[in-house]
Every structure is written in structure tokens, then in C-alpha cells.
1. Please report, largest first and rounded to whole Å, the three semi-axes of the ellipsoid equivalent to the range 261-402, where each semi-axis is the square root of five times an eigenvalue of the C-alpha gyration tensor.
2. Once you have all Cα-Cα distances for the chain, histogram them in 10 Å bins from zero and send the whole-percent values.
3. State to the nearest 20 debye the size of the charge dipole of the chain about its Cα centre, where the only charges are +1 on K and R beta carbons and -1 on D and E beta carbons.
4. Given the range 1-115, what count of lysine pairs have C-alpha atoms under 30 Å apart, with each pair 8 or more places apart or on different chains?
5. Which aspartates and glutamates, on any chain, are close to residue 133 with Cα under 12 Å apart, when same-chain ones fewer than 8 places away are left out?
6. Over all alpha-carbon pairs of the range 186-237, lay out the pair-distance distribution in 5 Å bins, whole %, shortest bin first.
7. State to the nearest 20 debye the size of the charge dipole of the range 1-122 about its Cα centre, where the only charges are +1 on K and R beta carbons and -1 on D and E beta carbons.
8. Translational diffusion coefficient, Stokes-Einstein: compute it for the range 11-66 using the Kirkwood radius over C-alpha pairs as Rh, at 20 °C and 1.002 mPa s, and state it as an integer in µm² s⁻¹.
Amino acid sequence: MSMIIAVNAGSSSLKFQLYKMPGYEVLVQGNVERIGLESGQAVIKYNGKKEVVQDVFPTHKEGVDFILKVLLDYHIIASLDEIEACGHRIVHGGEYFNQSVVVDDDVVSKVEELCELAPLHNPAHLIGYHAFKEALPHSRHVFAFDTAFHQTLDKERYLYALPYEYYTDLGVRKYGAHGLSHQYVSQQVIQHLGNPKRSRIIVCHLGNGASISAVEDGKCIDTSMGFTPLSGVMMGTRSGDVDPSIMPYLCKKLNKTAQEVLDIYNKKSGMLGVSGISSDSRDVEQALFKEGNERALLTGLLYARNVSKYIGSYVMELGGVDVIAFTAGIGENVPYLRALIIDDVARALGCHIDVALNNQRSDESRVISLPSSQVEVMVVPTNEELVIVRDTVRLLGINEGE
Ligand code: AMP
């Protein structure tokens, strides 16, 4: 028996899941939140129980120490030596990594170099990695990259129509994001289809961040996020695609720097900016259905149109589509937005949702379209941690037992 920990370090949070091998049994999962703030908290779920602990976590190092202490104090493990490996989610792997890798000094220095392209995320991942490495000197480590699944894009799909040297000299191109989720969901759909050789899938990862991808025969051929996770569809607080000329116009009109306006694009736009209510779709939904708030209605319609435009363009790229799959917080839990999106593409694609199935709550992967629908519509709960752990097991030759 051995344990593997999947680690997902965000800029101010540290999510983890501890797996028992063989068999991929999740023993405990949790999230250390508000790292670096005056008051932090940790949520730990194990044995069907949920505990919330208030504490202060000045850096990710204290977060890691807290997690390992919990594992010992709750008798989930008897000794830290039982943790054989750590799999870490890394947001940006640039062009260096088209799959997960076992960590060595060269890998670490490349991820360090890529901090410039993901300044909020890669440094946090590295702090998490170093803290686990120090606390668990005997463990082996694997990095799983959120950009890797999108490295199969053709050049004509990842290049911007800017001077070519900006790509060759400065690395300006589309990298995509949420790759672990797109990979997991598309593989689940392919299994659902009976593992055919040919398949055309559009995955809509709609969470606080959101991205759409086109997956042909298991390979990603296009995705909506770009050089950074700001582009593509509108999100909780991010604008998604906007005309680049709006930037200098706003700088002049608001007397702000480019960085300040970019902050508005990242933190004050999307659902929050359009609705003026919240970045959380639950608040917007409540304002719509309880108060008939018009801006909330507009937000939903704009959101659906943003997503359906990408679906339309990916149907063209794929030459058709077999399955449209929804995942992540909104994709898994918000039926009225799924219905609005499918409604937008129904006329062109002949796809129709079963209203009762769409409204049903479930944590299971499921079909929500009518049998007569020409395209299947599915909800597939994502599991990025499982992708990380599977890759860790495969790369380190750990017994899967399945
Ligand atoms: P994520 O980034 O995947 O955690 O998704 C967060 C988004 O999902 C927020 O806009 C939430 O409001 C939305 N959401 C709606 N319903 C739920 C739910 N039952 N559980 C989690 N997230 C939800």
C-alpha cells in the first residue's frame, strides 16, 4: 500500500487529495484558503465528515505543514514515509511540456522561467512543490500541466496574426488552460461513446474561469483561452475576448495605466461587470429568478451567446460534433445557463435538451439531451486531481491495482 497526494496550489490556496494505492481510493481531501491574508481557513473532508479550521497561513509552506499535520493527527497516515509521491498541477508549461513529467532540476528551472507567463500561478506551484519536497524528502514528484493537452493545436490555430518574431522571440501564442479538465472530460465522453476511433467532442469548462475546447479523436484541436487565461468566453470576473483597441481608449478616458485597465478586465468584468451583482453565478441566478433583475437576465443571455459562438466555430473546425459536454461549477450545476446555451445552437445543430434531465441534480456523469437530439449533450463532473494522480502513477510505475 502507498499514498499519493495530488496538489493544486493557487495564488492564495492549496487544494489537495490523498489517494490510497492500489485502487485510487480518496482518503481525504481539502483546501487551505486565504494564504497570505490575516485570517485563513482550511476545509478538510474525510470519512463523510467536513471540518473547517480557522488559522493563519502566512505562506504556502505553512499550508503544506498544516496539511501534513492533519494527515498525522487524524490518523489518516501513521508516518509521512507512507506518502510515496506527490503530483502537482502546474498552470503553465509553455512549449516545453506536452505531457506530465517526473520532476528534476531542469523541469523546475523551466517552470521557473515560465513564471513570466503565469505570474499568479507558477510561483505558487513552485512554493508548494518546494515545501512538499522539504517535508517529504523521500517522495517523488510529478508535474501535470494545464497547457499540455493543448499542445496538439496546429500552428494556424495557436498563432496570432502579429509579427511572426513575437512568437519566435517572445513566445506570444495561444497556450490554452484547464487542460487537465478538458482531457479528463473528453476521455470520459469517449468512454461513454464506447471508445470509437473517430469522435468529435466540444467540452465547455464553465467555472469561475471558463474555456471551451474542440477535441477530435481524443486530441485537442482548438481552445478558447489564449496567451493568458483572460481570453475566450466571459467568466466570473474576466472579460473574455474584447477588441484590443478598447484598452488604450479606456486608459485615456479613465486616466489609468494599461496594467490598471488589465486588472479591470481580469477582476471587475465578466458576470460581475455586466450584472453589477456578483461574479458568482448563484447570486446572479437569484437576482434573476427572485427579483426579475434585468441586468441579471442580460448577463445570462450574454454568457450563453459567448459560449454558443465558440461551439458554433468549433463545429466548423471539427466538421460536425457528436457530443457537447458541460463541466465545472456552472457547467455541472446551473441548468438554466446550459439550457440557454443549447437553445442558441439548437436551430443549427438540431440538438435538444430534455428539460427534466437538465434540471436533475446529480454528481454523476449523465446525458441530458433528448433521444431525438442530433447531438448528445452531457454533464460530466470534472476531476483534475484524478488526471494528476493517474499520470503520477503511470510515470513512477506505481501499482494501480485496477
Ligand atoms: P468553479 O470555478 O468550477 O469552482 O465554479 C465556480 C462557479 O460555479 C461559480 O460561479 C458558482 O456560482 C458556480 N456554481 C453554481 N452552482 C454551484 C454549486 N452547486 N457548486 C459549486 N459551484 C456552483
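1. Ellipsoid half-lengths, sorted descending, are 29, 22, 16 Å.
2. Spelled out per bin, shortest first, that is 5, 21, 31, 28, 14, 2, 0.
3. It works out to roughly 900 debye.
4. Final tally of qualifying lysine pairs is 19.
5. Candidates past the 8-residue exclusion: 65, 84, 104.
6. 5, 21, 26, 19, 14, 10, 6, 1
7. 620
8. For the chosen part, D equals 183 µm²/s.
The values are calculated or read from the model by the stated rules, or taken from the named source; none is laboratory data. Keep in mind it's a predicted model, so treat the numbers as computed, not measured. Note: ideal-geometry Cβ built from the backbone for every residue, glycine included; neighbour counts use all protein chains shown. The accessibility values were calculated without ligands, DNA or RNA, using every heavy atom of the protein model including side chains. Shrake-Rupley method; radii C 1.70, N 1.55, O 1.52, S 1.80 Å.
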